[in-house]
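Every number in this text was worked out from the coordinates using simple rules, so none of it is lab data. Please read all numbers here as calculations on a predicted model, not as lab measurements. All Cβ positions, even for glycine, are placed from backbone atoms using ideal geometry, and neighbour counts span all protein chains on display.
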Amino acid sequence: MPEEGVPLTPKANLLTTEEILTLARLFVKEGIDKIRLTGGEPLIRPDVVDIVAQLQRLEGLRTIGVTTNGINLTRLLPQLQKAGLSAINISLDTLVPAKFEFIVRRKGFHKVMEGIHKAIELGYNPVKVNCVVMRGLNEDELLDFAALTEGLPLDVRFIEYMPFDGNKWNFKKMVSYKEMLDTIRQQWPELEKLPEEESSTAKAFKIPGFQGQISFITSMSEHFCGTCNRLRITADGNLKVCLFGNSEVSLRDHLRAGASEQELLRIIGAAVGRKKRQHAGMFSISQMKNRPMILIELFLMFHDSPPANPSISSWDPLHVQGLRPRMSFSSQMVTLWKGCRVPQALLLAQQQLGSGCFQRHYTSRADSDANSKCLSPGSWAPAAPSGPQLTSEQLTHVDSEGRAAMVDVGRKPDTERAAVASAVVLLGPVAFKLVQRNQLKKGDALVVAQLAGIQAAKVTSQLIPLCHHVALSHVQVQLELDSTRHAVRIQASCRARGPTGVEMEALTSAAVAALSLYDMCKAVSRDIVLEEIKLISKTGGQRGDFHRA
């Protein structure tokens, strides 16, 4: 869920139950044999069970699926199964309850897990779990998700992070299919690739001996436009022939204007005819105006069978699969559909160095005159405490109901803030000697660590979810060699004027500088220890000053 939420579509603009069923009947009559109800969240529609029941009566429709956040699944699934629901996808991006709450802006992790187990209990096999992988958020959970398939009949589908309005897409956040696969193969080198199903959007793998399997949706790094056979209709009745396309045609408006079946087929055929051979690529897509993913789909339509006729039409078509030749197909749709595939779509008190040591001492500073702040007050965060106090009896980053919340600092006065943090990196004798003499093949480890620490302080709010952005006026990172311990001591200092402290910036700076040292030296030794990451002091603010003894 985007941080600012999404505007709700007026009810009058949404497709009614009958309009949904009218369009479903039309598409099924023309060869569609799989419909998936998605969202948004389809299970909040009060008529969802009735829709499934009526879809189930359509002759030729072989599969009715649902993609859900799983919050209401335990309660509704028995009714949905009885109505005819035959396939389930559950969206779940983390196995950490607190992180789940941050991502979806509400509680409910345990309800989702209950829903997964309820689906298994009722015999759905596989139960598909959709996980969008984002660097810095959940890529560290790949192995945990894969491990779920050992004892459960799940198909865990890892989805590359895709650009949509509101999700602040950035190429650096995207973890590619090959990177994910390499991570999992390091843990399970026996991982086997499964045969690809016709028109499948997923590359499937299985760990021998595990009940379930894992899959990868590679929309960004390896598109599957040439075999995609999906069409989408949004909750407000617009046809999208490509998930990543911003072109939409309103079928709702034509329905409400009294369009005949043939007129609707002509409109749909023309939209499919304008479908491009493949989507524009991740960088172009990220610049396009498109709906947030949460507003794109009410239901997906698939056609799974092989094409009725391999003929190619004159408009340089894309191969559309799965139209069964059981009925006469309208001439416009034959021209546009037959034999063509529609593409879808990451720390150092100073200490005197021993005498006789070859010393290297680095100090670096970043000063800025910038005084702007980008503060994001949460409307339901607890109020800042009044009066000075050293500690708080309550956590300030949760609200009265225990939900994760960003502290509202909008009414706090601007004061001078400063903080110092430290870390120690125990390198061992070999790596220490190379760093001391600046003989590492990667280059000057101390300089790189310095720069990394400065950069990290400036982007702390991007790394720590509930931190406010702070316009730092000063960052200093110092590194000293300790020959007695074969260690590097790091000290990071940050200053700013504003309504919130900078201890997280100092801690992040020291930590990332230490991590960078590890990265520079890991080829020489993996027996490197990062320790004593701690706050040394902080000044400014209502809670008073802190100085470690």
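Which one, GLN455, GLN436, VAL488, projects farthest toward the positive side of the charge dipole computed for region 435-492 from Cβ point charges (K/R +1, D/E -1)?
Farthest towards the positive end: GLN436.
Straight-line reach from LYS206: which lysines have Cα under 22 Å away, leaving out those fewer than 8 places along the same chain?
LYS128, LYS178, LYS193
So for the pair ARG75, GLU18, with labels modelled 7 Å out along Cα→Cβ, what separation do we get in nm?
Placing both labels 7 Å along Cα→Cβ, they lie 2.9 nm apart.
Can you classify region 1-150 as rounded, prolate or oblate using the Cα gyration tensor, where a ≥ b ≥ c are the square roots of its eigenvalues, rounded means a/c under 1.5, and otherwise it's prolate if a/b beats b/c and oblate if not? Write down the numbers at each step before the final one.
Details: a/c = 2.07, a/b = 1.49, b/c = 1.39.
In terms of gyration-tensor shape, prolate.
How far, in nm, would the chain grow between LEU8 and GLN262 when pulled straight, counting 0.36 nm per residue and subtracting the alpha carbon separation?
Numbers: separation 254, 0.36 × 254 = 91.44 nm, distance 3.23 nm.
Separation in residues times 0.36 nm, less the Cα-Cα distance, equals 88.2 nm.
Amide H of ARG36: which non-local residues (sequence gap of 5 or more, or other chain) have their own amide H closer than 5 Å, using H built in the peptide plane?
GLY65, LEU300, MET301, PHE302
I'd like the FRET efficiency for GLN187 and LEU463, computed as 1/(1 + (r/R0)^6) with the beta carbon distance as r and R0 of 35 Å, rounded to 0.05. Present the calculation step by step, with values, prior to reporting the outcome.
On the way: r = 25 Å, r/R0 = 0.72.
Approximately 0.90, to the nearest 0.05.
If I model a spin label as a point 7 Å beyond the Cα along the Cα-Cβ vector, how far apart are those points for ARG485 and SER86 in nm?
If labels sit at ARG485 and SER86, their model points lie 6.5 nm apart.
Can you tell me which of 39-50, 448-459 comes out highest on packing, and rank the rest after it, using the mean Cβ neighbours within 10 Å? Please report the intermediate quantities before stating the final value.
Numbers: 39-50: 17.2, 448-459: 22.2.
Output ranking for 39-50, 448-459: 448-459, 39-50.
Label GLN439 and LEU451 with points 7 Å out from Cα along Cα→Cβ: what is the distance between them in nm?
2.4
Can you tally the lysine pairs in region 412-549 where the Cα-Cα distance is under 22 Å and the two residues are eight or more apart, or on different chains?
Going through region 412-549 pair by pair, I get 9.
Along the charge dipole of region 1-106, Cβ charges K/R +1 and D/E -1, which of PRO78, THR38, VAL49 sits furthest on the positive end?
PRO78
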